[in-house]
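Asks: One structure, pasted below without further comment.
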Amino acid sequence: MLPHQFFKMLSDETRLRCLILIAREERVSVGELCVALEQSQPKISRHLAILRQSGVLLDQRDGQWVYYVVNSELPGWMRKVIAGLTASNCLKAEYQQDIANYQVAKLVSK
């Protein structure tokens, strides 16, 4: 994937929020993302499909659940961009509610 394709894909805020949360938490289910981002399952699934088809995310089945992880085989420049987004203090503040909602979803799913 070329840089302009990668950044165009991440220009959608829902996809960006999904990627940041998955990269931060390392493994996230569709249901957890729906709660965290306060979005419907079809909408989240559609965005995850785009990220998966591009090779940025991988899906892992665990029983009845499907979890998403960042592809460890991504080129170094992509991994650096994702790590930078995840580490960004201003984005943590911007998406703090996503993190809080995710933590609630994790507690409920246990």
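The values are calculated or read from the model by the stated rules, or taken from the named source; none is laboratory data. For clarity, every value in this text was computed on a predicted model and none was experimentally measured. Backbone-built Cβ (ideal geometry, glycine too); neighbour counts: all protein chains shown. Surface areas here come from the heavy atoms of the whole protein model, side chains and all, with no ligands, DNA or RNA. Shrake-Rupley method; radii C 1.70, N 1.55, O 1.52, S 1.80 Å.
Asks: Of G31, I99, N71, which is farthest on the positive side of the dipole of the chain, counting Cα position, with +1 on Lys and Arg Cβ, -1 on Asp and Glu Cβ, and the Cα centre as origin?
Replies: Farthest towards the positive pole: N71.
Asks: So, one more: Order these peptides, 5-13, 34-42, by their mean beta-carbon neighbour count within 10 angstrom, highest first.
Replies: Averaged packing, sorted descending, gives the order 34-42, 5-13.
Asks: If you wrap region 43-84's Cα atoms in a convex hull and average its projection over all directions, what's the area in nm²?
Replies: So the Cα hull casts an average projection of 3.4 nm².
Asks: Can you compute the charge dipole magnitude of the chain about its Cα centre, using +1 on each Lys and Arg Cβ and -1 on each Asp and Glu Cβ, nothing else charged? Give it in debye, rounded to the nearest 20.
Replies: 100
Asks: What share of the DSSP beta bridges in the chain is antiparallel, in percent to the nearest 5?
Replies: For the chain, the DSSP antiparallel bridge percentage is about 100.
Asks: A further question follows. Count of lysine pairs in the chain with Cα atoms under 22 Å apart, counting only pairs 8 or more residues apart in sequence or on different chains?
Replies: 6
Asks: If you don't mind, another one. Considering only protein heavy atoms and a 1.4 Å probe, what is the carbon-and-sulfur percentage of the accessible area of the chain?
Replies: Using a 1.4 Å probe with all protein chains present, the chain comes out at 52 percent carbon and sulfur.
Asks: For region 57-87 and region 9-33, what is the centre-to-centre distance using only Cα atoms, to the nearest Å?
Replies: A separation of 9 Å, based on Cα centres.
Asks: Which value in deg cm²/dmol, rounded to the nearest 500, describes the helix-derived mean residue ellipticity at 222 nm for the chain, given -39,500 (n - 2.57) per DSSP H run of n ≥ 4 and division by the residue count?
Replies: Mean residue ellipticity at 222 nm (helix-derived): -20000 deg cm²/dmol.
Asks: GNM, the chain, Cα, under 10 Å: largest mean-square fluctuation among G55, G76, G84?
Replies: G76
Asks: Output needed: percent of Cα pairs per 5 Å distance bin for region 1-73, bins running from 0 to the one holding the longest distance.
Replies: Over region 1-73, the share of Cα pairs per 5 Å bin runs 3, 17, 31, 29, 14, 5, 1, 0 percent.
Asks: May I ask for the angle, rounded to the nearest 10°, between helix 41-53 and the longest principal axis of the chain, with both axes built from Cα atoms and the value confined to 0 to 90°?
Replies: Roughly 30 degrees, rounded to the nearest 10.
Asks: Related question: Quick check: net charge around L57, other residues with Cβ under 11 Å of its Cβ, Lys/Arg +1 and Asp/Glu -1?
Replies: Around L57, the surrounding residues sum to +2.
Asks: Pull out a ≥ b ≥ c, the square roots of the eigenvalues of the alpha-carbon gyration tensor of region 71-110, then state rounded if a/c is under 1.5, prolate if not and a/b is larger than b/c, and oblate in the remaining case.
Replies: It is oblate, given that a/c is not under 1.5 and a/b is not larger than b/c.
Asks: Can you give me the accessible area per residue for the chain, using a 1.4 Å probe, in Å²?
Replies: 58
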